[in-house]
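What follows is a single structure, written as structure tokens, with notes after it.
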Amino acid sequence: MSVRDLIPWSRGSSQVPNVYRGDDMDPFLSLHRNVNRLFDEVFRGFGSPSLFGDTPFNGAWPHVEIEENDNEIRITAEVPGTDPDAVEVLLEDGLLTLRGENKRETEDKDRRFSERYYGRFERRLVVGRQVDEDKVTAAFKNGLLAVTLPKTEKARANVKRIKIDRTK
């Protein structure tokens with residue numbers, strides 16, 4: 001059997017079955033098309049590439065870097081051009097929220113193009129309940145927000161190292 005046998009018509013042929021034209025449409029094909037359209041609409045905004053890279057509208061912003069070791073979790077968020085007083089850091093039930101607003105400095109009506117982001121932003125990160133909420137610190141320097149979340153004594157005690165067998 002060749003692959004051509006699986007295709008219901010050839011490219012140059014005008015003999016397109018009724019199922020693939022619009023008239024007398026097969027109900028199963030119609031269902032298939034509607035389900036595909038539903039999935040396209042639902043997943044349209046998830047990670048689709050932009051002409052100018054990631055923007056707040058097609059990806060998560062601010063961009064973050066997460067580091068974790070036995071003692072703490074450290075999250076660094078990029079918020080360039082944002083006033084430190086306009087940034088808010090919240091921690092509630094293991095959910096870290098970074099929110100703020102990046103305001104436009106001037107109103108330039110002649111500007112035709114801008115890749116800069118202005119407006120409100122919010123990013124939520126699950127850090128778990130192993131964080132000592134009373135010892136969390138945040139620092140802002142050069143457009144980077146660094147949040148340090150120390151782990152609780154119980155979380156540090158529960159860390160178990162597992163030896164890797166290298167015999168295979």
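The values are calculated or read from the model by the stated rules, or taken from the named source; none is laboratory data. Quantities reported herein were computed from a predicted structural model and do not represent experimental measurements. Positions of Cβ are backbone-derived with ideal geometry, glycine not excepted, and every protein chain shown enters the neighbour counts. Remember, those area values only see protein heavy atoms, side chains included, never the ligands or the DNA or RNA. Shrake-Rupley method; radii C 1.70, N 1.55, O 1.52, S 1.80 Å.
Quick one: if you stick a label point 7 Å off each Cα along the C-beta vector at residue 93 and residue 122, how many nm between them?
Inter-label distance under the simple model: 1.5 nm.
On average, how much accessible surface per residue is there in region 122-168, in Å², for a 1.4 Å probe, leaving out ligands, DNA and RNA?
Numbers: 4010 Å² over 47 residues.
Accessible area per residue: 85 Å².
If R₀ is 41 angstrom, what is the calculated FRET efficiency for the pair residue 142 and residue 165, using the beta carbon separation as r and rounding to 0.05? Kindly include the intermediate steps, with their values, before the conclusion.
On the way: r = 45 Å, r/R0 = 1.10.
For R0 = 41 Å, the calculated efficiency reads 0.35.
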